[in-house]
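To keep things clear, I will list the structure first and then write my remarks on it.
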Amino acid sequence: MLLIQDVIKRYGPITALDGVSLEVKPGEFFGLLGPNGAGKSTLMSLVAGLRSPDAGRLTLNGRPLSATDPAARAGLGLVPQSIALYEELSAEQNLRTFGALYGLRGADLRARIDEALAAVQLTDRRRDQVKTFSGGMQRRLNLVAALLHRPQLLLCDEPTGIDPQSRNAIFELLEARVRAGLTVIYSTHYMEEATRLCSRIGIIDHGKIHALGTLDELLMRLPFEEEIRFPAGPDTAPLLARLAGQGELTTLDGTHRFHPRADYRLSAFFTQTESLGLPARLFTSQRPTLEALFLHLTGRTLRE
Amino acid sequence: MRIILTLLQKDFARLVRDKAALSLTFIVPFALIYLFGQVFGVNRTDTGPSGIPLAVVNESDNPAAAKLLAALQGEKAFFVVTKFVNPDKSMRPLTETDLRPMMKANNFRFALVIPRDLIRDDEFGLHLKILSNPRNEIETQTVHGILQKTIFANVPQLLGQSLQARAKKTLGSPKLAAFNSSIAGTVAKTFGGDPAAIQRDLERGDFGLGDADDGTPAPAGGQRGADFFAQLVKIDNEQVIGRDVKAPAATHIVGGWAMQFLLFAVSASAAALFHEKEHGLFQRLLSAPATRAHILWSKFLYGVLLGLVQLVVLFAAGRILYGIDVEHHLPFLMLVCVFAAAACTAFGMLLAAVSPSPEAARGLATFCILIMSAVGGAWFPVSFMPEFIQRISKLTLVYWSMEGFDQVLWANASFIELLPTLGILGGITAAVMAVAVWRFNRGPLFD
Ligand SMILES: Nc1ncnc2c1ncn2[C@@H]1O[C@H](COP(=O)(O)OP(=O)(O)O)[C@@H](O)[C@H]1O
Ligand SMILES: [Mg+2]
């Protein structure tokens, strides 16, 4: 659906995007994970046709996206990083304005506005000025304003902001829309959001995509640092003999720590414990996270 | 066009829901016109002290001097002070020694001394002394001009006396008596009258030209009591333009105030472009089918309409408060208002286009508007300004807008007569907008 090839974007001396390539397929919930200044918003703005790249190509359904061709981005919706609403106007007036820009009007526009307001639980506040809304309500309206014209591809640039209040409402709405066929590109610097929502994730930093894939694919790229812990005692003693040679075993404060060899399969571990009649609750494991992956790839943390 | 109208509608909806902006549009202009009118005394009807304070010390016992004083007191432009008020509230006539300290204390800035030797025999003319503490050139010129007019118009007899005194000194008494007698004889022979009486008048400096108040019949052809100057130079005074204008002072200046107010209002609304940018609204609009051109032209249209509304309110205030005749000129007045509002809006947009931030835009606007208003004639008439400033005036949109208002309200101009002014305003608008749009496209606003 969306194809980005070798895109470079500079602001004067700053190279905000440094050869970005990626493809987003229909129906994907694509996450763009990276810290502030990574180039997420810049990439969004290029896709939305707000700017032109200095080099590279962007196409939507095979048609080149450009700042001078509004028709090419008709099937596209943008949720800007800031709350892009007219705060003197009511929720309804905002939606009416944005809908009218897409050529919607009359009964159709009214019906879509009703539907949108209902979807974000703002129906009873529809006539109130946006400036009287809480941050979370504004975020919800900011999101739904980009859906009025029923785009195929929705660009969400950190749509939850720093305000956790409406996070779940936003997540649920987006997940429902994706189930109904919407394609989403979702940028965030919260690994929890990317982990929960996204079917595929690109890790971006300093204008470069450092890794691209499903959550599992990405985590596989971490050197296998899984560690399984279980209490020392007579129950578990037989297990120690069977694990010998399969990895590294240490004991500290009455807890055994097992670091498996790289080619060791977790399923083998559980076959052993089952045959010994050991309950699963004895074992805890430390799964790697995107945060750890980011640190591994860039030497920095996401919060920097 | 649909997109521009949508954006325009949005801006008006915002205006309607913004109480502060609304009152700025409709109430403040009214208040401002009222206040300015009070400050500048437009159509003042109260009878309180008015005119420029002028102290007069009369040391002469010449009856003509008393007449001069009376004439000055009758002059509207002056508020004549002749008495010194003692601390116990009793009064005595001012003396010349009072004048300087009182001027230093700012009791008045102009004083006239009529000395004992009002008429000397060693020179022609009157000997008067004017003391001044000029605050500005225009006031000084005005005071001197009115003084001269009053003196010459009201007491030409003094000049006759001066002439006689001088003649006596150069010719000597017997020769002057012979001269006077022969003139009197000739006058009596030609126009009739008593030669002895005429000679007496001549010796008193009364050439029958002025305001002689004894019963002497004036020579034929000379009109008794007529203005000396009116006889020397006959001026038929005809006001060609603006004769029927109902509120002349207000008509001339309301346009200037209106322009200044409009400039502030419109550049504030252009600076609001930054607000929309900062809130990411341009991203939203531009990712929708709107383009930069749509945004800019909708803002321009909005500015013009808002400006038009504001000018209408301002002139309505002028109509209600000062009786400016608006209704008889409505179509052309609206036409000039549209062009003036367009030029102002273009100016506001240029400021927003060249400024890196809304603060910078506001600062720059204040600076430019004040300069342009002063130079363009919104504060006082351009014709009072030095030549080179008058030339600069013609580069400002304030000048041409005021010119347009004047043409309509004052000179009752026809459409053809109005066309050049509208053309210039239109030209200014087009040129300024061209630069603004060009700057917007490379400036930070859409980045
Ligand atoms: N309009 C701009 N002018 C100059 N530099 C910019 C502009 N927008 C972004 N940048 C710079 O480009 C880089 C990427 O920014 P951005 O795309 O906003 O990152 P993110 O959205 O991931 O926080 C940053 O270094 C930022 O400072
Ligand atoms: Mg960003």
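For this structure, a couple of remarks:
- Low-density loop cleavage sites - chymotrypsin sites (Phe, Trp or Tyr not before Pro) in segment A:204-304, where at most 16 other Cβ are within 10 Å (DSSP): A:Phe224, A:Tyr264
- Chain B, relative contact order in percent, only Cα pairs under 8 angstrom and at least six apart counted: 15
- Our helix-only sum for chain B, with -39,500 (n - 2.57) per DSSP H run of n ≥ 4 divided by its residues, gives a mean residue ellipticity at 222 nm of -21500 deg cm²/dmol.
- Mean residue ellipticity, 222 nm, helices only, chain A: the sum of -39500 (n - 2.57) across DSSP H runs of n ≥ 4, divided by residue count and rounded to 500, is -9000 deg cm²/dmol.
- Sorted by Cβ density within 10 Å, fewest first, the residues B:Trp379, B:Trp257: B:Trp379, B:Trp257
- Calculated FRET efficiency, B:Ser181 to B:Lys76, Cβ-Cβ distance, R0 = 45 Å: about 0.55 to the nearest 0.05.
- Three principal axis extents describe the C-alpha atoms of chain B; from largest down they are 106, 56, 37 Å.
- Only one residue of B:Phe30, B:Met103, B:Val57 has its Cα farthest out toward the positive end of the dipole of segment B:12-121, where Lys and Arg carry +1 and Asp and Glu -1 on Cβ, and that residue is B:Phe30.
- DSSP assigns beta bridges within chain A; of those with both partners inside it, close to 65 percent run antiparallel.
- Per the Kirkwood formula applied to alpha carbons, segment A:2-219 shows a radius of gyration over Rh ratio, Rg over Rh, of 0.96.
- B:Trp410, B:Trp438 arranged by Cβ crowding within 10 Å, fewest neighbours leading: B:Trp438, B:Trp410
- Only lysines eight or more places from B:Lys67 in sequence, or on another chain, were considered; those with a Cα closer than 22 Å are B:Lys76, B:Lys83, B:Lys129, B:Lys149.
- Dipole of chain A [Lys/Arg +1, Asp/Glu -1 at C-beta], most positive-end residue of A:Val120, A:Ser21, A:Leu95: A:Leu95
- Span from the segment B:285-318 Cα centroid across to the segment A:114-150 one, whole angstrom: 27
- Listed from fewest to most Cβ neighbours within 10 Å, the set B:Met334, B:Met402 follows the order B:Met334, B:Met402.
- Measuring spread by the Cα atoms of segment A:227-287 yields a radius of gyration and Dmax of 10.6, 28 Å.
- Across B:Lys19/B:Lys299; A:Lys40/B:Lys277; A:Lys9/B:Lys299; A:Lys40/B:Lys10; A:Lys25/A:Lys208; B:Lys10/B:Lys277, pairs whose alpha-carbon gap is larger than 24 Å: A:Lys9/B:Lys299; A:Lys40/B:Lys10
- When the alpha carbon gyration tensor of the protein assembly as shown is reduced to an equivalent ellipsoid, its three semi-axes come out at 93, 28, 21 angstrom, largest first.
- Computed extension gain for A:Ala292 through A:Lys25, at 0.36 nm per residue and net of the alpha carbon distance, reaches 93.4 nm.
- For B:Lys175, the aspartates and glutamates whose Cα comes closer than 20 Å to its Cα, not counting residues fewer than 8 places off in the same chain, are B:Asp121, B:Asp122, B:Glu123, B:Asp201, B:Glu203, B:Asp206.
- Placing a pseudo-label 7 Å from each Cα along the Cα-to-Cβ vector at B:Arg2 and A:Asp108 gives an inter-label distance of 0.8 nm.
- Computed from the C-beta positions of B:Leu35 and B:Ile371 and an R0 of 22 Å, the FRET efficiency is 0.50 to the nearest 0.05.
- Taking the C-alpha atoms only, the angle from helix A:167-179 to the longest principal axis of chain A is near 80 degrees.
- Reach of B:Lys89 by Cα under 24 Å, taken over lysines that are not fewer than 8 positions away in the same chain: B:Lys104
- Binned Cα-Cα distance frequencies in segment B:248-442 - 10 Å width, integer %: 9, 36, 34, 16, 5, 0
- Of all DSSP beta bridges in the protein assembly as shown, antiparallel share, percent nearest 5: 60
- Electrostatic dipole magnitude of the protein assembly as shown [Cβ: Lys, Arg +1; Asp, Glu -1; Cα centre; debye, to 20]: 580
- Note on chain A: with charges restricted to the Cβ of Lys and Arg (+1) and Asp and Glu (-1), its dipole about the Cα centre is near 720 debye.
- Given charges at Cβ of Lys, Arg, Asp, Glu: the protein assembly as shown dipole, positive-most of B:Ser132, A:Leu173, B:Gly256: A:Leu173
- Principal-axis analysis of the Cα atoms of chain B puts helix B:173-191 at an angle of about 70° to the longest axis.
- Each residue, A:Leu3 and B:Val435, gets one label point 7 Å from its Cα in the Cβ direction; the gap between the two is 4.7 nm.
- Helix B:330-354 and the longest principal axis of the Cα set of chain B meet at an angle near 60°.
Read-outs throughout are calculated quantities, based only on the coordinates presented, and are distinct from any laboratory measurement. Source: prediction; values computed, not measured. Heads up, the Cβs are rebuilt from the backbone with ideal geometry, glycines too, and the neighbour counts pull from every protein chain shown.
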